[in-house]
1. Of the conditions (1) open to solvent by less than 30 Å² (accessible area, probe 1.4 Å); (2) in a loop (DSSP other than H, G, I, E, B), Leu437 satisfies every one except a single condition; which number is it?
2. Of these, Gln355, Gln337, which one is closer than 14 Å to Gly418 by Cβ and open to solvent by 20 Å² or more (accessible area, probe 1.4 Å)?
3. In this structure, does Lys206 turn out to be modelled with pLDDT of 95 or more, more than 29 Å from Lys518 (Cβ to Cβ) and surrounded by fewer than 18 Cβ atoms within 10 Å (Cβ to Cβ)?
4. Among the residues of the range 73-112, write down those that are within 27 Å of Leu466 (Cα to Cα), surrounded by 14 or more Cβ atoms within 10 Å (Cβ to Cβ) and acidic (Asp, Glu).
5. Being open to solvent by 50 Å² or more (accessible area, probe 1.4 Å), assigned to a loop (DSSP other than H, G, I, E, B) and within 12 Å of Ser657 (Cα to Cα) is the filter here; which residues of the range 720-749 pass it?
6. Taking into account only those residues within the range 373-428 that are in a strand (DSSP E or B) and surrounded by fewer than 18 Cβ atoms within 10 Å (Cβ to Cβ), which is modelled with the lowest pLDDT?
7. In the range 593-607, what count of residues is obtained for those that are within 29 Å of Glu288 (Cβ to Cβ) and open to solvent by 10 Å² or more (accessible area, probe 1.4 Å)?
Amino acid sequence: MSEAGSVGQLPESVDFSLHVKPILSDRCFKCHGPDKNAIEGDLSLHKAEDAYAAIGENKDRYAIVPGDLEKSELVKRIFHNDPNLVMPPPESNLALSEYEKELLKKWVAQGAEYKEHWAFVAPEQQKVPETKDDSWSQNEIDKFILKKMGEKAFEPSEKAAKEQLIRRAFFSIAGLPPSVSQVNAFLKDESPNAYEKIIDSLLNTKAYAENMAAEWMEVARYADTHGYQDDFERIMWPWRDWVIHAFNKNMPYDEFVTYQLAGDMLPNPTKESVLATGFNRNHKITAEGGVIPEEYRIEYVEDRTNTFGTAFLGMTLECARCHDHKYDPVNQKEHFQLFGFFNNLDEDGLMNGAQAIPKPYMAISKEDADGVLDFVNMTHATKPKIEVMVMEDMQEPRATYVLNRGVYDQPTEQVFPGTPDAILPFPEEFPRNRLGLSQWLFHEKNPLTARVAVNRIWQRMFGKGLVESSYDFGNQGALPSHPELLDYLAIKFRTEGWDIKQMIKYMAMSATYQQSTKISDEMNEKDPENTYLARAPRLRLSAEMIRDQALKISGLLHTEVGGPSVKPYQPEGIWEETTGGGGGSTATYVLSSGKDLYRKSLYTFWKRTVPPPSMMTFDASSRDLCTVKRQETNTPLQALVLLNDPQLIEAARVLASKTMKNENEDVKGQISYIFQSATSRMPKEDELAILQEQYNASLEKIKLGEVAPDEYLTIGELGVTDELPADKLTALALTAQTILNLDETISRG
């Protein structure tokens with residue numbers, strides 16, 4: 001969308017790609033008129049050169065004459081008062097703001113220079129802005145941010161309190177809260193590099209790798225079932241173990257992606273590199289009788305193609321399946337040229353029953369897990385070997401055709417593997433296979449790869465990307481809020497070895513990241529979306545983090561890394577109500593037992609037709625398709641989950657029990673410890689008084705029989721074994737449950 005602002009805030013130089021084209025693309029309007037001499041030109045600028053040509057039969061009339069406002073019909077029409085002549089026409093229900101009109105007018109006056117869409121032009125090296133009297137900036141990021149703030153006369157916020165800062169870092173990097181002892185140690189550490197030591201230590205934990213992997217599961221549409229009606233179980237968790245392993249050893253991003261796209265095509269491929277290609281096989285596969293296998297095989301190839309576009313290019317390639325893309329320079333032929341890279345598997349469109357392993361696949365033995373694949377956790381595996389879907393092209397490539405309207409049985413022109421010219425023509429020296437596609441992806445002139453990657457890292461650290469539509473860098477996507485900074489980061493990422501940990505640390509060490517979340521009424525009015533980053537964003541924890549935090553602070557969390565998925569608490573009967581007719585292991589939900597109940601949410605069994613309900617309530621994706629940005633909602637159901645989820649009730653009780661045993665008998669001290677465990681800070685006196693009042697009220701309700709300890713304390717599989725007074729334990733557990741429900745507890749800070 002176009003940049004908001006008053007007419008007096010027009011940019012000094014109007015850029016076509018950043019300012020003008022989004023306005024026209026958003027509107028898709030046409031000049032028109034009441035008679036045959038009307039202008040009949042499409043001015044949505046899908047083909048911008050047309051706008052400079054004569055329009056209609058009248059060769060003396062032009063939509064745009066660079067530098068000449070009088071002869072430019074576009075300028076006349078957008079300011080016209082006649083409803084028959086104004087553009088966009090009233091019946092389109094589209095309109096331009098005064099700001100947008102003046103922006104277009106200024107662009108024409110300045111020469112109407114045309115540029116390609118910003119995202120399709122390779123990043124350019126940016127000069128770091130010079131800032132006077134700048135004692136705030138910690139690295140180059142801050143200088144770009146400060147310059148943008150200065151354009152609005154904004155000032156950065158104060159630095160966050162140390163308690164808030166360590167909590168933010170822990171959740172951003174490790175996905176877990178700091179312990180009370182870690183918070184207290186950080187508060188006492190007055191060394192100048194105290195914060196940097198925290199960042200370095202977090203980046204070297206397995207928790208960091210698991211946190212990164214949790215996000216990648218949605219990008220890769222990972223699930224433990226095949227989907228569709230019968231939704232049979234599949235084994236893909238060894239691929240998940242590889243993802244954790246790759247993040248743990250800080251595999252460079254270009255290698256990380258190449259392994260997943262084409263690990264089987266590398267010179268001397270290893271079992272590890274072949275396993276990584278399971279990324280391409282995470283799509284749904286049907287076992288429904290009566291389907292046309294070729295129709296579904298085409299869907300699988302489409303899924304791989306579209307996932308490639310969303311995950312690595314930030315492009316909506318699916319829009320070009322049936323016809324040329326309406327907004328971006330990708331035509332239908334180019335769509336199927338990309339499709340051709342993924343169309344050479346000897347795969348079946350239809351699974352033959354619940355036990356079938358869709359080919360191609362690889363076998364992993366316990367000997368492999370003890371050797372070359374030592375990151376695969378087969379401790380709990382029930383067969384001596386497991387089979388995982390991977391990529392392996394046929395010796396003779398399958399012919400690929402443009403499909404009329406995208407329909408599987410309507411082939412037209414034959415095409416060969418290739419890429420959209422508007423992004424980067426495919427170099428002749430690259431092999432026309434998935435390995436060549438990966439080489440094209442990481443070519444230094446590819447305008448999208450590095451931008452898309454650093455934008456998603458920024459999204460992880462700041463809540464939203466510099467391009468807010470991280471899933472769409474095309475004409476319909478958002479403009480970058482800080483285009484120069486985005487290019488600077490993209491080039492830095494590429495030239496410094498695609499180092500993910502280094503980029504995360506670079507962002508975490510910026511003064512921008514370390515700001516307080518406090519917001520004044522004035523700033524809330526001037527910059528409600530925090531586009532200019534004059535404060536840190538206050539972010540709600542992800543679905544995984546909310547549950548994992550409760551497990552961590554209660555001491556329930558089982559930190560085993562890798563292995564098969566587990567089945568924690570969920571409402572009874574929902575699998576049975578939605579299961580298909582095929583039966584199998586996914587027909588009935590069998591609750592895990594022992595420590596498996598308390599593993600990280602990353603390892604929760606994901607059934608596609610019935611995803612974990614609590615996680616879905618907190619905006620987790622369904623995993624049906626590649627997802628790079630979750631929706632953000634606030635609903636009553638979320639409050640009900642926090643109140644009634646047995647996992648959170650059990651965690652509150654175990655936390656209360658632990659606190660009563662480890663802290664003194666002073667209730668005030670017990671409540672303070674629980675509060676600090678959950679929020680990373682000590683409660684204020686008024687907060688503590690409210691919680692003590694609730695504790696006392698709970699004791700009174702127990703005394704009156706309104707709360708039954710025997711019922712409340714037995715929620716969850718972990719029995720009560722402590723010799724603690726039931727009334728006091730119940731009262732403190734209820735207080736702990738209240739604390740777990742606080743907005744501050746489920747926020748990163």
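1. The one condition Leu437 does not meet is (2).
2. Gln337
3. yes
4. Selection gives Glu100, Glu102.
5. Val720, Thr721, Glu723, Pro725
6. Checking each candidate, the answer is Lys385.
7. Going through the range 593-607 one residue at a time, the tally reaches 2.
Yes or no, residue by residue, for (1) in contact with a Gly (Cβ under 6 Å, 6 or more places away or on another chain); (2) surrounded by fewer than 19 Cβ atoms within 10 Å (Cβ to Cβ):
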{"residue": "Met616", "(1), (2)": "no, yes"}
{"residue": "Glu632", "(1), (2)": "no, yes"}
{"residue": "Pro636", "(1), (2)": "no, yes"}
{"residue": "Pro646", "(1), (2)": "yes, yes"}
{"residue": "Ile649", "(1), (2)": "no, no"}
{"residue": "Ala652", "(1), (2)": "no, no"}
{"residue": "Glu663", "(1), (2)": "yes, yes"}
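The values are calculated or read from the model by the stated rules, or taken from the named source; none is laboratory data. Being a predicted model, the structure only gives us computed values, none of them experimental. Note: ideal-geometry Cβ built from the backbone for every residue, glycine included; neighbour counts use all protein chains shown. Each accessible area value is taken on the protein alone, full model and side chains, heavy atoms only, with ligands, DNA and RNA left out. Shrake-Rupley method; radii C 1.70, N 1.55, O 1.52, S 1.80 Å.
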